[in-house]
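Encoded as structure tokens, the structure appears first; notes follow it.
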Amino acid sequence: MTVPTIDTHEFTRRGDAAEGQVPLQELERLGSLLIARDGLLGWRLSGRSEVGADGSRVAHLHLGLASTMAMRCVRCLERIDVPLAVERDYRLVATEAQAEQEDVDEDEFDLLVGARRFDLAGLIEDEAIMALPPAPRHPDCRAPAVAVESGEAVSDVEPPPPARNPFGALAALRSGEDPGAADPSDDAPTPSPKRPPRA
């Protein structure tokens, strides 16, 4: 159903109440934060008024919201169903300037500017958006595993060449061969130097 506009002055004066459900697909701003819009957002609104200390009438609204929102887990990137439950109390004021001035000293109620044609749908959507978690994640969630084609890491850096046997290079110089050529003695163990015969 479409959320109706209300006259906040008459609604609170008579102590009216209203409730309903709005499809999530009708709430564009809220829906942009979800991965599925196939649910409903339940709402209920009640109003009341009382006489203030100075004899003036003070109007109040109470808004309740309930739903389950399909969001994306920030860790595994899969769907997570987030329960949403909102209970808000408002005190109505006449102007935005009054709301800004009195908001500093008001701790019990949120201040709301009343109107003859109040946008209740906008209020419902605003409160639902503010109630969503900024970074939803499963309680026991793990990051997705990275797919690896082979079991070994591939490196672009070539390994350094093996160290050459210095004794093999010395033998090549004595025989007139290229010292840079491969020598069978490169892979042979290094011989121990012989001691000169004793006199």
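Read-outs throughout are calculated quantities, based only on the coordinates presented, and are distinct from any laboratory measurement. All values derive from a computational prediction rather than experimental measurement. Here Cβ is always computed from backbone atoms with ideal geometry, including for glycine, and neighbour counts include all displayed protein chains.
Values as computed for the structure displayed
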| item | result |
| --- | --- |
| Linear extension gain, Glu87 paired with Val113, 0.36 nm per residue minus alpha-carbon span | 7.5 nm |
| Added length on full extension, which subtracts the Cα-Cα distance from 0.36 nm per residue, Arg79 to Thr2 | 25.0 nm |
| Förster-model FRET efficiency, 45 Å R0, Arg137 and Asp16, C-beta, rounded to 0.05 | 0.65 |
